[in-house]
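Taken together, the values in this text are just the output of simple stated rules run on the coordinates, not laboratory data. Given the structure is predicted, the values throughout are model-derived calculations rather than measurements. With ideal geometry, Cβ positions are generated from the backbone for all residues, glycine too; neighbour counts draw on all protein chains shown.
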Amino acid sequence: MYKWLASAIIVAIVATGCSTVARNETSPSPRNNGRVHTQQTEPRKKEIKNSEQVAVHLEQLAKGIDGVTNAHCVVFGNTAIVGIDVDAKMERSRVGTIKYAVAEAFRKDPYGIDALVTADIDMSQRINEIGADIRRGKPISGFAEEMADIIGRVIPQMPRDVIPQELEKQAPKMNKKL
């Protein structure tokens, strides 16, 4: 009996494995090669050809947002940095909301899609000074000076690194002895 049962199971397995029943699967066609094709829905960043015009455009766009009192923009290559001025007495959360609103307006603009937006008072003033240096015809030296000022504020001062003035005056004498 076990031989008949084992034989029947083997025949059933072989029969189902070798069936030639039509399947819904078809061989891949050249058009359907397994790649996913999508269309871009994000606005593409336009190449900035006239940086001064784009800076003025983004400043005006930022000034159109409720709560922005002034805006400063500098364009380097294909990237814009925009500093916005808001009321100094405004709460931090409200400033963040305004900054977000400016970024949202820029998102819809092909020149502003990748712009950097800051609401920091000091950074906004520095961006204004960099823009003024660019208009005066010294973009590199103006940028370098402002970056030095920014980095000077960011890097902490360690008390251990401070040399008292008395020792500073003695330092040249000590070097001569060596």
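Setting aside same-chain residues fewer than 8 positions from Lys138, which aspartates and glutamates have a Cα under 16 Å from its Cα?
Within the straight-line limit of under 16 Å, Lys138 reaches these aspartates and glutamates: Glu52, Glu129, Glu146.
Over the residues of segment 74-126, compute the C-alpha Rg and express it relative to 2.2 N^0.38 Å. Could the numbers behind the result be given before it?
Details: Rg = 11.4 Å, N = 53, 2.2 N^0.38 = 9.9 Å.
Expressed relative to 2.2 N^0.38 Å, the Cα Rg reads 1.15.
Can you give me the convex hull volume of the Cα atoms of segment 50-178, divided per residue and expressed in Å³?
167
Can you pull the one-decimal nm distance between simple spin-label points at Ala144 and Thr69, each 7 Å off the Cα toward Cβ?
Taking the simple label geometry, Ala144 and Thr69 are separated by 3.4 nm.
What is the spin-label model distance, in nm, from Met90 to Phe76 if the labels are put 7 Å beyond Cα along the C-beta direction?
Spacing of the two 7 Å Cα→Cβ label points: 2.5 nm.
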